Amino acid sequence: MSEPIAIGLMGFGVVGTGLLSAIEQKAAALQQRIGRRVVVRKVLVRDPLKPRQLPDGITLTTDADDILSDSAIPIVVEVMGGEHPAREYINRALHEGKHVVTANKEVMAKHGPELLSHAHEHGVLLRYEGSVGGGIPIISPLQDDLAVNNILAVNAIINGTTNYMLTRMSSEGLDYETVLSEARRLGYAEPDPSADVDGVDAAFKLAILASLAFRTTVRDTDVYREGIRRLTPADFRYASELGYAIKLLATARANEGKVQARVHPAFLPLNNPLAKVDGVYNAVELEGDLVDWAMFHGPGAGPIPTSSAILADVIAIACAIAAGGLACTAPAIDAQLPIEPMDDLRTKYYIRLSVFDRPGVMAQVAKELGDGGVSLASVIQKEVGEDGRVAEIVITTHVAQEAAVQDALRRIAALDSVDQVSNLVRVEERIA
Ligand code: NAP
Ligand code: HSE
């Protein structure tokens, strides 16, 4: 009987504990698939005093070196989270000739290209299916199943917390603060929700997907990012009136040798498949030159779905170890494409303004947009002030350039007749 394949587990929180129970639950299936048993030998944590339930035969440690310098451990699974020291531990594990599985989107978004090339140099695998979309298989399809395609576009809903909040704002007419409290109560939003609501988490995940899809380096800082804090019930009412859903869209495309990557709220036509993705679910839509459009949909987080993704990576590595070699491992990044500035984006826009209801105000607003080459598609005006002095104007535009729209809005905000520019949301009719 061959020796079991040993795992060093770094992190024993939500995902780590879920993973250990999934390994126990699926022990027979893993053995059947790999031909050898897979066992967790050591677990790294930060706080040795926290009460934990660890089965016999697993050593708990607070010293990473206990795992990193143990030659009997060929696979490290990193589920600690955060940039440091996770990045250093992954780097060191690769250097020691260990294969690594991580679910850490922050490390992969900030340092993925270097870590992947480091893994390649050392002849080991670095796999990260759990870092994007929880249980949804998306990294492996991009790496393997769709490998022969030129990927042209990636459109995604990859943050479950904000998708839950936007779904509730849309279906119940609730405001941002109310749905945020609800999301906290349900355990979706953290006490500090900024990583989710400001689009940071989605930008990490989009950077990972875009790097892989276009085989180039896209970092989180290359992703244009706007969160959901400015959306109000009024925006949802107008969206519905105009035939759209509002989603936190993560989208990237390779266009004329440049990469564009952005995360922001977007109006999506109700017949767009992403408009129908509700609650904490995630979805990723890809356009490949051979496959055309393919969509992946499922639970975007949670310890058990994420364990499903992590174990798929463990199986791939363990099978390679059991077979005595690695499968084909081409370098993941072989291009260095420039990032297209957001100013160059061309799309449609929804603009909501609060204006003083005076003769000529609409003409002034239309002139500023027209002077910037921005053509109006529709205008809705409603009185909002009790005294009838303030009116709300909602404008949608034809396709226009981002820089021209932003310039026009700065001039509009400065007009005496304008109270405020309340919101701007990009309207994505066809995201390709
Ligand atoms: P978590 O519950 O906070 O657990 C983190 C674990 O790592 C804890 O056991 C903690 O030790 C340990 N740890 C943290 N820093 C450490 C350090 N410097 N040295 C040693 N141990 C350290 O986090 P989680 O929710 O499981 O998430 C882990 C990773 O999975 C993150 O990268 C996250 O983005 C990713 N992920 C999570 C989900 C999800 O649904 N939660 C889904 C997909 C991906 P103590 O127990 O001693 O505090
Ligand atoms: N906070 C993330 C989300 C889950 O809401 O999707 C982990 O990636």
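For this structure, a couple of remarks:
- Every residue from the range 39-61 that is more than 10 Å from ligand 1 (Cβ to nearest atom) and within 27 Å of Leu116 (Cα to Cα): Val39, Val40, Arg41, Lys42
- Pairing residues of the range 80-91 that are closer than 15 Å to Asp66 by Cβ with residues that are within 6 Å of ligand 1 (Cβ to nearest atom) and at pLDDT 95 or above, at Cβ distances under 7 Å and at least 6 apart in sequence or on separate chains, gives Met80/Gly11.
- Criterion: at pLDDT 95 or above, assigned to a helix (DSSP H, G or I), more than 16 Å from ligand 1 (Cβ to nearest atom) and among the basic types (Lys, Arg) - qualifying residue of Arg230, Arg168: Arg168
- Identity of the residue in the range 197-228, of a type in the set (Val, Ile, Thr) and farther than 17 Å from Ile339 by Cβ, that ends up surrounded by the fewest Cβ atoms within 10 Å (Cβ to Cβ): Val200
- Boolean, Val314 is touching a residue at least 40 places away in the same chain (Cβ under 8 Å), buried (at least 17 other Cβ atoms within 10 Å of the Cβ) and within 16 Å of ligand 2 (Cβ to nearest atom): no
- From the list Leu326, Leu268, Leu290, Leu337, the lone residue that is away from ligand 2 (no atom under 16 Å from the Cβ), in a strand (DSSP E or B) and in contact (Cβ under 8 Å) with a residue 40 or more places away in the chain is Leu268.
- Within the range 386-432, considering residues that are touching an Asp or Glu at 6+ places or on another chain (Cβ under 8 Å) and loosely packed, with under 13 Cβ neighbours inside 10 Å, the one nearest to Leu376 (Cα to Cα): Ala432
- Search result, residues across the range 397-423 that are among the hydroxyl-bearing types (Ser, Thr, Tyr) and either more than 21 Å from Val361 (Cβ to Cβ) or in a strand (DSSP E or B) (or both): Thr397, Ser422
- Scope the range 197-226; condition at positive phi and within 16 Å of ligand 1 (Cβ to nearest atom); matching residues: Gly199
- Residue satisfying condition, being touching a helix residue (DSSP H, G or I) at 6+ places or on another chain (Cβ under 8 Å), at positive phi and more than 16 Å from ligand 2 (Cβ to nearest atom), within set Gly123, Gly133, Gly97: Gly97
- So Ser194, is it away from ligand 1 (no atom under 16 Å from the Cβ), of a type in the set (S, T, N, Q) and surrounded by fewer than 22 Cβ atoms within 10 Å (Cβ to Cβ): no
- Near pairs, Cβ below 7 angstrom, 6+ apart or cross-chain, from the range 121-132 (farther than 18 Å from Leu19 by Cα) to any residue that is part of a loop (DSSP other than H, G, I, E, B) and not charged (D, E, K, R): His122/Gly97; Gly123/Leu326; Val124/Gly97; Leu125/Leu326; Leu125/Thr329
- For the range 342-385, filtering for residues that are crowded, with 19+ Cβ neighbours inside 10 Å, more than 30 Å from Thr221 (Cβ to Cβ) and modelled with pLDDT of 95 or more leaves 5.
- The one condition in (1) of a type outside the set (Ser, Thr, Tyr); (2) buried (at least 18 other Cβ atoms within 10 Å of the Cβ); (3) more than 26 Å from Asp63 (Cβ to Cβ); (4) in contact with a Ser or Thr (Cβ under 8 Å, 6 or more places away or on another chain) that Leu142 fails to fulfil: (4)
The values are calculated or read from the model by the stated rules, or taken from the named source; none is laboratory data. No experiment lies behind these values; they were computed from the predicted model shown. All Cβ positions, even for glycine, are placed from backbone atoms using ideal geometry, and neighbour counts span all protein chains on display.
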